[in-house]
1. Out of 57, 64, I need the residue that is modelled with pLDDT of 95 or more, touching a helix residue (DSSP H, G or I) at 6+ places or on another chain (Cβ under 6 Å) and on the phi < 0 side of the Ramachandran plot. Which one?
2. Could you count how many residues in region 64-122 are in a helix (DSSP H, G or I), touching a residue at least 24 places away in the same chain (Cβ under 8 Å) and either under 10 Å from the mean Cα position of the chain (by Cα) or under 18 Å from residue 47 (Cβ atoms) (or both)?
3. Does residue 6 fit the bill of being at pLDDT 95 or above, surrounded by fewer than 19 Cβ atoms within 10 Å (Cβ to Cβ), out of contact with any strand residue (DSSP E or B) (no Cβ under 9 Å at 6 or more places or on another chain) and not in a loop (DSSP other than H, G, I, E, B)?
4. Quick check on region 34-46. Is at least one of its residues outside any helix (DSSP H, G or I), buried (at least 19 other Cβ atoms within 10 Å of the Cβ) and at pLDDT 95 or above?
5. Hey, can you tell me all the residues within region 73-104 that are in contact with a helix residue (DSSP H, G or I) (Cβ under 8 Å, 6 or more places away or on another chain) and closer than 24 Å to residue 57 by Cβ?
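The values are calculated or read from the model by the stated rules, or taken from the named source; none is laboratory data. Quantities reported herein were computed from a predicted structural model and do not represent experimental measurements. Cβ sites come from the backbone with ideal geometry, for glycine too, and all protein chains shown count toward neighbours.
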């Protein structure tokens, strides 16, 4: 592939990876602070700076919450307003978890950033948005 075509794509992937790695649980928009509890599926994600090895060893709840953070900071930004939005976002976060899990299953890639992997998946996917 031509370098002129590859460079903008790589720049976009790294920019999205930077955004994803910077997002935290405070960046999510819950339906209301009164109804938010620590047991909700989108709470408690801590894998924003994890490697794929750390991702692979993490709990499924942690992976799902982290994937929700990544989506809330990117394709779902501004779209999480109702309980049904959160229901749809959960399905998309589960899809993202499965995709990152697939990459993480290759133990030779354990040193790769989970956020960069997710960024590439989000960037190349056409079905993770609202």
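1. 64
2. Number of matching residues: 34.
3. No.
4. Yes - at least one qualifying residue is present in region 34-46.
5. Listed by number, the residues that qualify are 73, 90, 92, 93, 94, 96, 97, 99, 100, 101, 103, 104.
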